[in-house]
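Accompanying notes for the structure given below.
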Amino acid sequence: MPTRRRAILATAQRDPHNPRSMPAAPLDRYDGYSLLELPQAPSASWTQAQPGVAAGTLETQMLDSAQLGNRREIQLYRSAGYRPGAPSQALLVLFDGESYTSQVPTPTILDNLVAAGRIPPLAAILISNPSEAARSAELPPNPRFARFLAEELMPWAKARGVFAPAARTVVAGASYGGLAAAWAGLTHPEWFGNVYSQSGSFWWAPGWQQAGAFAQGEAQAEWLTRRFVQSPRLPLRFQLEAGLFETGRPGQVGILDATRHLRDVLRAKGYPVGHREYAAAHGYEHWRISLADGLVALLGHV
């Protein structure tokens, strides 16, 4: 089955009769995929550059990590009106930075939200992955990656004027990135006071095999949710979301149910938790639209 799937994906191409695609300007007919949006689909207006909106700045740096033994690209965004250390401002820390600048126009979304007064002026740290293998090793709960965030990345960014108090800092991501965001909040609430997960992989547990099964059985699933059960309540707020079509294989917990389980655990512990579900599956075509709503939910009050 994996071989057949790879063969299909190798020759799959977009619908030649549909001009809408993701990305909007694909490299060739095999790049990306076609988009179909029905009349009542959520508006994508926040993703589109608006006339008269002041653009923020985007700076690209390379950061070496002694904790992880690798090097990665970091992009630092500063919105119009952002002033380092000003008490009214906020910070967004976002995993999979390479995707959140290509498939998701995050700087444009932030420009629009700030200009509309929906969120305060802010900075953002977009963290890219050195490789796909590094992503799979680092974003699921990994103590060394947590130390990289707390001991290397955040002090490094602060030295460059990109910082905010934990209560005004959102750590966010999708899929493994959503899982990593919740792990960052659990392990380092002194840096990250707000967790935003887009379709987080909360089914995950140590022992997960890429072939699609747990080494020690399905009972080991939802490892991070059980860590929150065992942990005392921390100064964290959460925004969780999942697609209605993100169900698991027969006999396995999918993202939709795992997100609902985490929501219930967090609320039982007394955490403030926002939760949304959408008629969507697992992909950036939806996450690019819901990102604005999640950020407003967490930062619109500050």
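The values are calculated or read from the model by the stated rules, or taken from the named source; none is laboratory data. From a predicted model like this one, the values you see are computed outputs, not experimental measurements. As a convention, Cβ positions derive from the backbone with ideal geometry for all residues, glycine included, and neighbour counts pool all protein chains shown. Please note that ligands, DNA and RNA were not included when accessible areas were found on the heavy atoms of the full protein model with its side chains. Shrake-Rupley method; radii C 1.70, N 1.55, O 1.52, S 1.80 Å.
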What size of dipole, in debye to the nearest 20, comes out for the range 100-166 about its Cα centre when the only charges are +1 on Lys and Arg C-beta atoms and -1 on Asp and Glu C-beta atoms?
120 debye
Reciprocal of mean inverse Cα separation for the range 73-190 (Kirkwood radius, Å)
14.4 Å
Can you give me the three principal axis dimensions of the range 168-211 from its C-alpha atoms, in Å, biggest first?
39, 18, 10
Test item: Cα-centred dipole of the range 224-285, Lys/Arg +1 and Asp/Glu -1 on Cβ, debye:
420 debye
Restricting to the chain, compute how many DSSP beta bridges are antiparallel as a %, nearest 5.
40 percent
Could you pull the Cα extents of the range 1-153 along its three principal axes, largest to smallest, in whole Å?
51, 44, 25
For the range 102-165: rounded, prolate or oblate by the Cα gyration tensor [a/c cutoff 1.5]:
oblate
Of the labelled options (1) 1.10; (2) 0.99; (3) 1.06, which one gives Cα Rg over 2.2 N^0.38 Å as computed for this structure?
(2)
So what's the net charge close to Thr247: Lys and Arg +1, Asp and Glu -1, counting the other residues with Cβ under 14 Å from its Cβ?
-1
Using only alpha-carbon positions, what ratio does the radius of gyration of the range 136-215 give when scaled by 2.2 N^0.38 Å?
1.16
Can you give the local net charge around Trp156? Use residues other than it whose beta-carbon is closer than 14 angstrom to its beta-carbon, Lys and Arg +1, Asp and Glu -1.
0
Longest span of the chain, sites excluded, free of GluC sites (Glu not before Pro) in DSSP loop with at most 16 other C-beta atoms within 10 Å?
191-302
Could you check how much of the accessible area of the chain is carbon and sulfur, as a whole percent, using a 1.4 Å probe?
54 percent
How many Å² of accessible area per residue for the range 74-129, probe 1.4 Å?
27 Å²
Semi-axis lengths (Å, descending) of the ellipsoid that matches the C-alpha gyration tensor of the range 165-302:
23, 18, 12
Compute the FRET efficiency between Ala159 and Arg233 as 1/(1 + (r/R0)^6), taking r as their Cβ-Cβ distance and R0 = 41 Å, and round to the nearest 0.05.
0.85
